[in-house]
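Read-outs throughout are calculated quantities, based only on the coordinates presented, and are distinct from any laboratory measurement. This is a predicted model, so every value here is computed, not measured. As a convention, Cβ positions derive from the backbone with ideal geometry for all residues, glycine included, and neighbour counts pool all protein chains shown.
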Amino acid sequence: MTERLSTLLREEASALDVPPPPAGAVVARGRGLRRRHRIGSAAAGLALVTIVGTGLAIGLGGMGDDGSDAVDPAGPSTGHGAVFTLGTTVFYDGGTKTATIDDQAIKSTYYTSAGLLVRHGDNNYSDGSGPQRFSLVTEDGTVHPVSVVTEDVVPGIDPAQPYLAYAEVVDGEVQVVVHDVSTDQEVARVPVPDAKKWGGWSAPPVALSGDTVYVGTDDVERTVDWRTGEIGTTDAIGPGYPDVSGGRAVQQTGDQMTVVDVATGEVLLTVDAGRTGYLQLSPDGRFASYDVDNKSVDVYDVDAGTKVTLDGQSGDYGWSPDGDLFQVKGRQLITCSTSSGECTTSDVTIPEKGGGVAPDDLRYGNHTYES
Amino acid sequence: MASPLTDDEFTEFVHATWPGLYRTAYLMLGDHQLAEDLVQTALAKTYASWRKVKEPAAAPSYARVVLANTAASWFRRRSWRNEHPTEQLPEGAVHGDPSTRPAVVDALRTLAPRQRAVIVLRYYDDLSVREVATALGISEGTVKSQTSDALARLRTQLGDAVAPQTLGATHD
């Protein structure tokens, strides 16, 4: 039906006067970009930061404008469609595929470019209550144990990257650790000596966005460039629990809620939310949901400023890796497009129980379950 | 992973892929200088991340994805949105044969940047919905809705014969 449009586009393209390729300039610029990678690694070494390797397997959407990060043409490997867990069973790709975690309970899941990272342990509690183990579920359903074990910490994940960031206290000093879950190797460990007080966890909660780890301490929000070891602060987000998604965060000024670019402070979206309203960002920061009342939720495309309205409240929904919303109602999965607002019920029937010590515990992908 | 390339080999790669990438970039951006900048940037990034190219045959596709992804990051900038607003053609601005080339270029200019990129990737580069979503870092649902909106807009400029009523979900 659109052959004529294709033909016209091709005619237009073929008639273009294409300039000669500046191959020398391209190679020189490419060399410069590659050199910056190496300089970054060397600087990290000089800063006496333990950086183990510099491998990257970043997903689409996470590439910096300067090309310092590269894309993988295969795209994010977390997949598409709804992701949720029931007991110890992981449902992904819109509930059409499953994997089983060999543990007592699942605590939470995180979207990464290497697959779905699952945090699990002896129970389904997120805070305290014993060791937090991790496994990576890749697109073919294989479960890869990750050697990290934490206890009572809040990890940080950037969906466009294969990294798990977390903080731990070693000999009284806070250290930020970055672990590549695709290779199961620690790639950075950066001391943060000024981090002294934080909320009730065993180490400060963190968020990861690009090369920056946000460290949630009580006095000020600290930033750690884990590649260079550079430590700074930011006032783009307040002290305490760092809630950063795709480099964006929600701020409140009076009755207005805004979505800001944390790196630049640029306001990307403003919503008149009243005193009690709250914006919730999608894992990649592209969308923000806002409860209009207890019956409807507005979903904003942060970049376009457009919105669609869905029934229910934001807490009823989970975010899929590709930015749509979904909910499990009864034994059915309903997915709602954040671009059109259209909701569809899938043919998948969800079982009642999924194994482990909390077999009927339903948890949505990438949802925060910390108290 | 593809074997490391010498600079001479990458220069050959640039010569081979430049025309195709330039045409895509021009259709997306509608400006020769910006198109040249975009292709240069995409190829430089491809050079810097060559180790991620799984095999030589995949390299042109890789470069095209990098190009689309780079364009998408440009579109996300507020400065881009301010400096490159959508140009709204007046009703009936297209006279004579609506299938002439200037009409197509003018009609593309009425689209928002991301809509324009979606149309070019789908109907010029012939990528599937999923491939476009991956290349631009947006959901498949967004690709479909943007396609539908863009075709509706093109229809007003070019007529049903060129942009017929069709659902964005087709052409997978």
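For a protection proxy built on the mean count of beta-carbon atoms within 10 angstrom, sort A:84-92, A:115-123 highest first, please.
The most tightly packed comes first, giving A:84-92, A:115-123.
How crowded by other chains is B:124-132, given as the mean number of beta carbons from other chains within 10 Å of each beta carbon?
That works out to 2 on average.
Calculate one ³J(HN,Hα) per residue across region A:4-19 by plugging θ = phi - 60° into the Karplus curve 6.51 cos²θ - 1.76 cosθ + 1.60, and present them in order as whole Hz with x for glycine and proline.
Ordered by residue, 3J(HN,Hα) equals 5, 4, 4, 4, 5, 5, 5, 5, 4, 5, 5, 7, 5, 8, 7, x Hz.
What full-extension length gain, to one decimal in nm, is calculated for A:Ser129 and A:Asp171 as 0.36 nm per residue of separation minus the Cα-Cα distance?
So the extension gain works out to 12.9 nm.
Leaving out same-chain residues fewer than 8 places away, which lysines sit with a Cα under 25 Å from that of B:Lys45?
Hits, sequence-local ones excluded: B:Lys54.
Could you tell me how far the Cα centroid of region A:254-300 sits from the Cα centroid of region B:1-63, in Å?
After rounding, the separation between the Cα centres reads 38 Å.
Give me A:Met257, B:Met28 ranked fewest to most by other Cβ atoms within 10 Å of their Cβ, as a rough exposure proxy.
A:Met257, B:Met28
Straight-line reach only, C-alpha to C-alpha below 14 angstrom: list the aspartates and glutamates that B:Lys52 could link to, leaving out same-chain residues fewer than 8 apart.
A:Asp69, A:Asp72
Once amide H atoms are placed 1.01 Å from N in the peptide plane, what residues at a sequence separation of 5 or more from A:Thr233, or on another chain, have their amide H within under 5 Å of its amide H?
Here the answer is A:Thr223, since their amide H atoms fall under 5 Å of that of A:Thr233.
Can you tell me the dipole magnitude for region B:19-75 around its Cα centre, using point charges on the Cβ only (Lys, Arg +1; Asp, Glu -1), in Debye to the nearest 20?
About 300 debye.
Which peptide among A:219-228, B:115-124 comes first, and what is the full order, when sorted by highest mean count of other Cβ atoms within 10 Å?
B:115-124, A:219-228
Counting only other chains, and only Cβ atoms inside 10 Å, what mean value do you get across the residues of A:10-18?
Going residue by residue through A:10-18 and averaging, the value is 6.
Could you give the length gained on full extension between A:Gln252 and A:Thr96, defined as 0.36 nm per residue of separation minus the Cα-Cα distance, in nm?
52.3 nm
Run a plain Debye calculation on region B:1-75 (Cα atoms as equal point scatterers, no solvent) and give log10 I(q)/I(0) at q = 0.19, 0.24, 0.26 Å⁻¹, rounded to two decimals, same order as the q list.
-0.72, -1.08, -1.23
Hey, rough spin-label estimate for B:Ser61 and B:Arg109, points 7 angstrom out along Cα→Cβ, what's it come to in nanometres?
Label at B:Ser61, label at B:Arg109, 3.5 nm between them.
Once you average over the residues of B:37-45, how many Cβ atoms of partner chains fall within 10 Å of each Cβ?
6
Among the listed pairs A:Lys197/A:Lys329; A:Lys107/A:Lys196; A:Lys295/A:Lys353; A:Lys107/B:Lys144; A:Lys97/A:Lys197, give every one whose C-alpha distance is greater than 32 Å.
Among A:Lys197/A:Lys329; A:Lys107/A:Lys196; A:Lys295/A:Lys353; A:Lys107/B:Lys144; A:Lys97/A:Lys197, the Cα-Cα distance tops 32 Å for A:Lys197/A:Lys329; A:Lys107/B:Lys144; A:Lys97/A:Lys197.
Among A:Val83, A:Val259, what is the fewest-to-most ranking by other Cβ atoms within 10 Å?
A:Val259, A:Val83
What distance in nm lies between label points placed 7 Å from Cα along the C-beta direction at A:Val149 and A:Asp194?
Spacing of the two 7 Å Cα→Cβ label points: 3.5 nm.
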